[in-house]
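J.: So that we are looking at the same thing, I have put the structure below in structure tokens.
The values are calculated or read from the model by the stated rules, or taken from the named source; none is laboratory data. This one's a predicted model, so the numbers in the text were calculated from it and none came from an experiment. Positions of Cβ are backbone-derived with ideal geometry, glycine not excepted, and every protein chain shown enters the neighbour counts. Just the protein is used for accessible areas: all its heavy atoms, side chains included, with ligands, DNA and RNA removed. Shrake-Rupley method; radii C 1.70, N 1.55, O 1.52, S 1.80 Å.
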Amino acid sequence: FFFLLNNSIFLDYKMHDHPIYRSMAMPMPEGPKLFNTAPKSAFEKEMLIEEEKNNTEIFVTDLTNPGTPLEAFEDIIMRSNWDINERSLAPFPAYHPLERTHCVISIGNASPRLIAARISDACVQMSLAARYSDSKCTAHLSSSDFCEMNVRLYASSAGEGERSATIVEVQRRRGDSLAFHRYAQKILAAAEGQEGLEFCNNAAPSIPHEEFKMKFHTQDRKNVIAALEIAGGLLKKDRSDANQLGMESLCLLTDPGKTGLITATMVSRAILTGSTRAIKESASPSLRKRGEGPIIPSSSFDEEDAILQSLDIRKTILSLIQFKKLSRDEGEDINLSDEESPKRNSLIDDEDSPDGNWRRSSFDSELSNVMHNLALAVLANALDMVAKDGSLCDTINQQQWLGDSALVQTLLDVLRKAETRPHDAMLSARCLASLVDASTKAIEHAMKLDALTVVNQAKNIGRNRHASLARETDHVYESLSSRTLTGTTVYM
């Protein structure tokens, strides 16, 4: 048996020791069927010519319509940050896998230059940080929620003698897919010229302090303490992903649109003051005895305050804002001035390059930028919530670090980078607006540092590139100008 088996293998090997010629069918892959490239009959060509004539007439009618004058199109092109050269528009590659988030716009409906201007205007309204390449007809966009995407324009034609079109493709590079699709839909709708688009996010409903003051319960405080313990534990771990998750948790906890007003207010108090109780309650505990809310034993607050002090979330957030790191060396003061702490500005500026912040940095530098942004968001949310609670002025008077010159200068330094880091500048402007509205000392420190000039420059950048930045800096500029005109400050 083994002899026969080995003999058969030997014979099979001898039969196939020379090349064997075989044939097989190899069909050519088909490209994306964006247009029908088959030859047209005479009747079909006449129909296409008539359709093109009708579309041209409609396009001219829209331009001459009093509702959409020609000056409106010229205005959007003049203020556009993306001025492409139509001759450099690359043809659509034959075998390019086109994303589903794309649209095809006929030249008769809009020129490539007008499409780019519409996209640029939509990015400004949505507060998307954009880096445009006029020669390559591409744009790299990034949102405040760390969603990055690319926009490309291609030239395409239906065939010889037929009208051409512009292909707009939006491709996700990183970030939440749901957030990407929301941005992509608005970008494509704006490229097509749709009207009535809503780009601004809906703000959280505001409730007077008297309405939700009586709703604080012991269970709410326990839930807040438990959530803060989880977030603080994540910040103390030695893993970068856990640290980022902890900061993201604090952002959600201080956002009233995500967790509600009660939780956001109590978490904001805990971050700024180290206690969930209000400033007036801690200063005058007798207020509770007169029937203003349920009487809560002070021992319960003391236990919770001890837990919050052990977490020391405020120290971590301030370190991320000023130094871009979670912890500092032992003995390093958190409120050092520029002369005493020369490393502070260098740590903030270490990633800057001639190309701005758009050059891909190392992982550690990128993580520090993300954590710095999250810390600014937490501080901005906390200041807003305590301001709505009506106790921000008392909080700043009690917590001296909020009105300190070091924090004000750090926020102004971030605001100076509005052109390369507009999302950070917008959050810094939110923090400055809250501090300026509630603290005279913060105004004095800001005016000594030439805050009006810095804020005005950031406001001009925001008007051209970032709507949210323009809105927040306008608030800061008005507050500083009004205080200066009334004689509160004399530093100019």
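J.: Name every residue in the range 109-126 that is under 14 Å from Ser468 (Cα atoms) and open to solvent by less than 10 Å² (accessible area, probe 1.4 Å), in order of residue number. Before you say what the answer is, go through the steps one by one.
T.: The first filter runs over the range 109-126 and keeps only residues under 14 Å from Ser468 (Cα atoms), leaving 121-126.
Hits for the range 109-126 are Ala122, Cys123.
J.: Looking only at the range 455-471, count how many residues are open to solvent by 10 Å² or more (accessible area, probe 1.4 Å) and farther than 19 Å from Ala130 by Cα.
T.: Of the residues in the range 455-471, 1 are open to solvent by 10 Å² or more (accessible area, probe 1.4 Å) and farther than 19 Å from Ala130 by Cα.
J.: Select, from Arg152, Arg182, the only residue that is under 28 Å from Asp424 (Cβ atoms), at pLDDT 85 or above and open to solvent by less than 70 Å² (accessible area, probe 1.4 Å).
T.: Sole residue among the options that is under 28 Å from Asp424 (Cβ atoms), at pLDDT 85 or above and open to solvent by less than 70 Å² (accessible area, probe 1.4 Å): Arg152.
J.: Return the only residue of Ser310, Ser299 being at pLDDT 85 or above, at negative phi and open to solvent by 60 Å² or more (accessible area, probe 1.4 Å).
T.: The conditions single out Ser310.
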